[in-house]
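The values are calculated or read from the model by the stated rules, or taken from the named source; none is laboratory data. Quantities reported herein were computed from a predicted structural model and do not represent experimental measurements. Please note: Cβ atoms are built from the backbone with ideal geometry, for glycine as well, and neighbour counts cover all protein chains shown. Just so you know, the surface numbers come from the protein's heavy atoms only, side chains and all, with ligands and any DNA or RNA stripped out. Shrake-Rupley method; radii C 1.70, N 1.55, O 1.52, S 1.80 Å.
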Amino acid sequence: AGAAVTDTAPAADTVKNQPPEVKVRDWMHKVKLAPNGQCVVIAQLSRASYLDGVSSHWAPKVAWCVVWCCLLALPTAHIFMQIDLARRQICDVGGEHALNPVGPQHLHERLFCDSSATDSSVASCLHACASYLNFTAVVHDTFHLSFLELLLVVVMLPTFVFTYVVRNARSQHNQEEFLYFCRMQEAKNAVHEVLRHKVTLENIFKIDFLKRRLQHSFKAWRGADDNLKACGPITDAEFELTKVRSANDCLKEVMGPVASITSAISAERSPDLPFGIGYTRDKNDETGEEEDDEDLKQQVVNAWDMLKLHNNIGGKEDRNYKVLFDLKMHTEDSWKLFKKWIEQNYKEQLEYITTQQDIDAQDSGEKCHLVENVRIHDILLPRGFSFTHLYVQSMPEDGKPFQIDLRGYKKGAQGFWDACNSCVASIKSAVVDNEEYDPEEDEDTSLLDFRLDKSPLVARFALSEQYFENMPMEEITRLCPNIEVGLAKPRPSFTEFVDGLLQPTVFMLPSGDEEEELPNILLYTGISIFMGDENPFRAVVASVRRLMEAVSVYLQCAGLALLIPILRFTSGGEFFPQPFAIWTFLNTLSIWWLLVSFFADFHIARTRLSLIGECLGILYKNTLAPPSATSGEDAKDGDSEEKKKKEAAEDTQPFELVLGEMKQSYEPGSDFWKQAWRRKYDNVRNWHATVRYLRIFVSTSRLTAQTMLAAAVVVVGALLVMSLAQAVAGPSSDSA
């Protein structure tokens, strides 16, 4: 769309002197759309897809259906035309011996009939030429053709038209569902989350998706999982896994079976580490000497050990994974400090990465990683990790994730910083509906700090197995001098290498001068791991099984279509008899395609309904017996109150719908009880929204399933009529 203006009275005065695109945006935010209010949008289209416009009309769809019906019916029609032509030639229609030829008659070098036949094995020409049906019956007896083979196309064509119409109705229904979700009176990140689940549910049963899943699982089995590279865009599945809390946690848990099919990647994150892999020394009051803070030291060790224990990392299964340090920046000062830190401690690596446009630098094994443990404010980042992405989990304007991939740029490092500054400017200038920020009440908090507190800028530092495998052995021993290698074991494992990197290290906290320069710094980090399947070979088998389940519909339909030719061949006839070989083969293909168009939709609808049934089972089970909440994250010294508030906001029990017994006494006006009631209110509201979404998700599949059942009734009814007609005709026509 090009220039656009609005013809709405409520917003006309407020947007009079603004550019057209700003007028539309402001109007969308200030005026309710129809049917809530009477309003008209006038837009001038500068470009239009004529092909999309024509194809969306009903007439091309009808024409396309007619073309398909003609193509599918052509082999059967041609066979009947060949039979009619043979009858005219053999029976001498319109000739001297019309309908009563003299002597034996042959069709394709086979004895077809004989006017003086006395043997019951040879048909009488007088009987064969009496009518077209009699002639067709003799053709079937001579060449072992079957009425069912020809009439099945005629029976299936009406069901094909019926299912084609319903398929188009289903497509339109899906579009209406998307429009409904987009117009929901919900936060934009909640709308985006529901739309993503809807798209996933529509795509996971497609052959292309299952083929890609098999390719990824096979590469993971061979130790080269593309999904676990440090480079490349962060996928939607990864963004979903890195969320601390989604817009609707109830929906997220319920849709777990769908997410497990979408991606084989799983993730786990440790609690926030107060100082990264660093720890401080405290002065002993008795001896006056400085001693290591053993609690902080043990916290780093426990974080990594628990991740390995929970996910069988480094075990016999040889699980593929990558390790991440996500540095979350919750304030503008934190972002300024990070840029300054990059210029001082990561400048050479940044320049190298941003000038490499032909390789995945952060998986190449050289010149990208931190060469030593480096402090940024009160966080100590480990050596060996490479800066790969800057991302935001949820942009304020549309709720969607946004990422900047650190890769090669035409402008080098400047191109990367331009993209970063543009991202920060977009966060600051975004137009957000119903935002709780009040400049007068929050005088000490800027708008950017307010938004970054809800969805911070995150700098991702990653270490992948690909980077480790490509790293020179000299660099490995320099980074981890305590690793034992020798002739029997020339190279350590990836887990041993990570163990050597994540050793607690003492460091000095920032001085007062640093805090005075940028006083409002709030950084958090923790160890995250993204893992492939626990048993890669078993994942390959599972992917093959899922693909074969989808392909089995096509194979089973092929078996049904070939059943009659196989029976004909086993009884002594030809697989595709002459003179109808080519057209009987094409007729078999038509039968196969008609069966596929019917049973493929039926299989997808049945599988989707089964999957939604699993989701409903989770909803039912967790509603009756809510799972217990997980423990919160540890707090930093000096930030405990703020961290506790953040922990309470991130902790979630989506199926806790009622307030149970509590030790704290009930005080109606207290902040504690307000927050408790508000959380239960949100849980109940999200629960009802989840039920509504599942009903909408199932509506499309229910439409398809009902259509398939109705079409099945038609097919079975037609076959029943054919069977009854054959029974009434008597045993004389059994051979036909």
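One decimal place: the segment Cys182-Leu509 gains 112.9 nm when fully extended, by the rule 0.36 nm per residue minus the C-alpha distance.
Across the options Val544, Gln503, Gly526, the greatest Cα extent toward the positive end of the charge dipole of the stretch 467-600 (unit charges at beta carbon of Lys, Arg, Asp, Glu) belongs to Val544.
Roughly how many debye, to the nearest 20, is the charge dipole of the stretch 411-540 about its Cα centre, given +1 on each Lys and Arg Cβ, -1 on each Asp and Glu Cβ, and no other charges? Before the final figure, lay out each step's value.
Working: 9 positive and 26 negative charges, 256 e Å.
So the magnitude is around 1220 debye.
Using 0.36 nm per residue and subtracting the Cα-Cα separation, the extra length available between Val154 and Glu574 on full extension is 148.8 nm. Each part reduced to its alpha carbon centroid, the stretch 445-491 and the stretch 188-227 end up 26 Å apart.
Report, in listed order, any pair from Lys297/Lys674; Lys336/Lys400; Lys328/Lys411; Lys336/Lys680; Lys340/Lys411 with a Cα-Cα distance greater than 29 Å. Going by Cα-Cα distance, Lys297/Lys674; Lys336/Lys680 fall outside the 29 Å limit. Residues in the stretch 392-536 average 50 Å² of solvent-accessible surface per residue, probe 1.4 Å, ligands and nucleic acids excluded. Placing dummy labels 7 Å off each Cα toward the beta-carbon, the span from Val691 to Asp305 is 4.7 nm. Phi angles across the stretch 461-471 convert, under the Karplus curve 6.51 cos²θ - 1.76 cosθ + 1.60 with θ = phi - 60°, into 3J(HN,Hα) values of 10, 10, 9, 9, 5, 4, 5, 5, 5, 8, 6 Hz, Gly and Pro given as x.
Just going by the charge dipole of the stretch 373-510, with Lys and Arg at +1 and Asp and Glu at -1 on Cβ, which of Gly415, Leu457, Pro439 is farthest out on the positive end? Value computed over the given set: Gly415. Under 18 Å from a label point set 7 Å out along the Cα-to-Cβ vector of Ser429, the amide N atoms of the stretch 436-478 belong to 447-449, 451-452. Ignoring ligands, DNA and RNA, please state the percent of accessible area on the stretch 377-460 from carbon and sulfur, probe 1.4 Å. That fraction is 44 percent.
Counting other C-beta atoms within 10 Å, and keeping those with at most 13, which DSSP coil GluC sites (Glu not before Pro) do you find in the stretch 381-445? Spell out each step's value before the answer.
Values: sites: Glu397, Glu435, Glu436, Glu440, Glu441, Glu443; in loops: Glu397, Glu435, Glu436, Glu440, Glu441, Glu443.
Sparse-neighbourhood loop GluC sites (Glu not before Pro): Glu435, Glu436, Glu440, Glu441, Glu443.
Once the Cα-Cα distance is subtracted from the 0.36 nm per residue extended length, the Lys411 to Ala59 segment shows a gain of 121.6 nm.
What is the dipole size for the stretch 148-221, taken about its Cα centre, with +1 at each Lys and Arg Cβ and -1 at each Asp and Glu Cβ, in debye to the nearest 20?
On the way: 11 positive and 7 negative charges, 77 e Å.
The calculation lands at about 360 debye.
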